[in-house]
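Take a look at the structure below.
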Amino acid sequence: YSSSMDEYLEDSTKYETMLKTMHRILPKISKDRETGLRIYGHKGGFTAMNACRASSLVVPVMPASSKRIEQELSKYKPRGMTPITYSLKQAVRHDLTSFDGNKRIILLTDGGENCDESPCEYIINLMKYRDDIKIDVIALAIGDMDANNQLKCVALVTSGKFYNANDASDLKNSLQDSLNLQKEVSGVIIKQ
């Protein structure tokens, strides 16, 4: 929900594209799959420090959460910064602590960290004592090479996947792949 999500991608804003895509994807998630939603950039602040702490778990990780996630997504508007590292720290330290086994974070962002931290450095240090977290990164129309390299590092170091999503179709396919959802197939029958 950083302010850059108000920028246009094709014929609608990145925010609108994300909402439409999520409304198509979320109903396909199995009710047995434990899923949650942490958002960031949804608050501004009088100081950069306040804006760089704008990260909230709005739907705890639990089964059958898709409907609730859909409802929460529509409540917020793009307005803040991009505190990726802080958000990852919160997810690791708080959101996933009560779960055993392997865990996956899907990080969707349209820009790089802009709160004076390095997500790559944080993840490298985290992986020195954790091997149960994979992070898939979906980079939504990011043209900044340094930002892409930081985000690629996050995916690579955790054995996750990195996706470049340059349009709505890429975003949908990236989310489906990361969630291991069956892709929609369409075709045309031509009579000869």
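Annotations
- Looking across T82, T109, T17, T13, one residue alone is surrounded by fewer than 19 Cβ atoms within 10 Å (Cβ to Cβ) and hydroxyl-bearing (S, T, Y). It is T13.
- Residues satisfying the stated conditions in segment 139-156, i.e. open to solvent by 50 Å² or more (accessible area, probe 1.4 Å) and over 14 Å from the mean Cα position of the chain (by Cα): G143, D144, M145, D146, N149, Q150, L156
- Test: residue in segment 68-86 that is more than 28 Å from S169 (Cα to Cα) and not basic (K, R): yes
- G101 small (G, A, S) and under 15 Å from the mean Cα position of the chain (by Cα): no
- Residue match in segment 66-81 (condition: within 27 Å of D132 (Cα to Cα) and not in a helix (DSSP H, G or I)): no
- A single entry from V92, V58 fulfils the requirement of being in a strand (DSSP E or B), in contact with a Leu (Cβ under 7 Å, 6 or more places away or on another chain) and surrounded by 12 or more Cβ atoms within 10 Å (Cβ to Cβ): V58.
- Scanning segment 130-149 for residues that are outside any strand (DSSP E or B), under 20 Å from D95 (Cα atoms) and at pLDDT 95 or above returns a single hit, D132.
- Per the listing S56, S3, the residue uniquely touching a helix residue (DSSP H, G or I) at 6+ places or on another chain (Cβ under 9 Å) and at negative phi is S56.
- Residues satisfying the stated conditions in segment 157-171, i.e. open to solvent by less than 20 Å² (accessible area, probe 1.4 Å) and in a helix (DSSP H, G or I): L171
The values are calculated or read from the model by the stated rules, or taken from the named source; none is laboratory data. Only a predicted model underlies this, so the values are computations on that prediction, with no experimental measurement involved. Heads up, the Cβs are rebuilt from the backbone with ideal geometry, glycines too, and the neighbour counts pull from every protein chain shown. Remember, those area values only see protein heavy atoms, side chains included, never the ligands or the DNA or RNA. Shrake-Rupley method; radii C 1.70, N 1.55, O 1.52, S 1.80 Å.
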